[in-house]
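S.K.: Sharing a structure, written as structure tokens. Questions coming.
Read-outs: derived from the displayed coordinates by stated rules, not from any lab. Small disclaimer: the values here were computed from a predicted structure and weren't measured. In this analysis, Cβ positions are derived from the backbone assuming ideal geometry, glycine residues included, and neighbour counts consider all displayed protein chains.
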Amino acid sequence: MHSVSLSRSGKYHDVKDFLAVVVLLGLLSVVLLGRLIGLAIKYKTDVEQLLLTLEDLTEQRDALLCKQECLDGWNKFGCKCYKTSDTEFCVSHGADLVVVDGKEEMDFISGWYSMYWLGATDAAGEGTWRWVDGTVLSLDNPSWSRGGPQGGGGKNCLRRALEQNQYKWTDVSCDTMTYGLCEQNLIK
Ligand SMILES: [Ca+2]
């Protein structure tokens, strides 16, 4: 009988120790979780601060780059330089055919009185017009001459055209001999 009593007492102490360990581990987990949450909040704040600094530095860099003068023979508008020339010349000067992405730019380039190329094509997929920067040129754009591209696999380049004394855009063969309007972004 004595040994049975001892055995029961031992089990009782085992259960108490086990519960104590469980409670201790639970408390430890809460403390660690709190610490982890604290670190996560601090890390997030640090990263957000770094991103804000980076954004500020990028803005300052862009403002400086934008102040640069254009090369001789190029015309400046905003942070870009423009010149009519052949496409190879454009590319060799870090430029490309113009992407017309706003009314102000549209008004500015209206000053050039010629039938130059613009930087859009549907060569990759008939009827899907994209500017050289990959953005879509809508078929509903009011600048299209005669209400839109005339279509055809032989007309995959965009050129200016006169319509009722107004310069508009039309699709023509890319083999037509003409200059393009080059655009060089000073910020890139
Ligand atoms: Ca076409």
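A quick yes/no check of all residues on (1) among the hydrophobic types (A, V, I, L, M, F, W, C); (2) assigned to a helix (DSSP H, G or I):
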site: Val22; (1), (2): yes, yes
site: Leu33; (1), (2): yes, yes
site: Lys42; (1), (2): no, yes
site: Leu64; (1), (2): yes, yes
site: Val99; (1), (2): yes, no
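S.K.: Any idea which of (1) within 28 Å of Ala63 (Cα to Cα); (2) over 25 Å from the mean Cα position of the chain (by Cα); (3) small (Gly, Ala, Ser) is the one Ser173 doesn't satisfy?
M.R.: Going through (1) within 28 Å of Ala63 (Cα to Cα); (2) over 25 Å from the mean Cα position of the chain (by Cα); (3) small (Gly, Ala, Ser) one by one, Ser173 breaks only (1).
S.K.: Examine the range 149-163 for a residue that is within 16 Å of the ligand (Cβ to nearest atom), part of a loop (DSSP other than H, G, I, E, B) and under 19 Å from Asp96 (Cα atoms), and state whether such a residue exists.
M.R.: yes
S.K.: Please find, within the range 126-148, the residue that is nearest to Trp112 (Cα to Cα) out of those that are assigned to a strand (DSSP E or B) and away from the ligand (no atom under 13 Å from the Cβ). Reasoning before the result, please.
M.R.: Filtering the range 126-148 for residues assigned to a strand (DSSP E or B) gives 130-131, 136, 144.
Checking the rest, the ones that are also away from the ligand (no atom under 13 Å from the Cβ) come to 131, 136.
Numbers: Trp131: 20, Val136: 24 Å.
My answer is Trp131.
S.K.: What single numbered condition from (1) away from the ligand (no atom under 11 Å from the Cβ); (2) free of Cβ contacts under 8 Å to residues at least 24 places away in the same chain fails to hold for Tyr116?
M.R.: Looking at each condition in turn, Tyr116 falls short on (2).
S.K.: Follow-up question, since we're still on this one. Please state which one of Ser173, Ser114, Ser143 is more than 21 Å from Gly73 (Cα to Cα), surrounded by fewer than 15 Cβ atoms within 10 Å (Cβ to Cβ) and in contact with a strand residue (DSSP E or B) (Cβ under 8 Å, 6 or more places away or on another chain). Before you say what the answer is, go through the steps one by one.
M.R.: Details: Ser114 fails: more than 21 Å from Gly73 (Cα to Cα); Ser143 fails: surrounded by fewer than 15 Cβ atoms within 10 Å (Cβ to Cβ).
Just a single option satisfies the conditions, and that option is Ser173.
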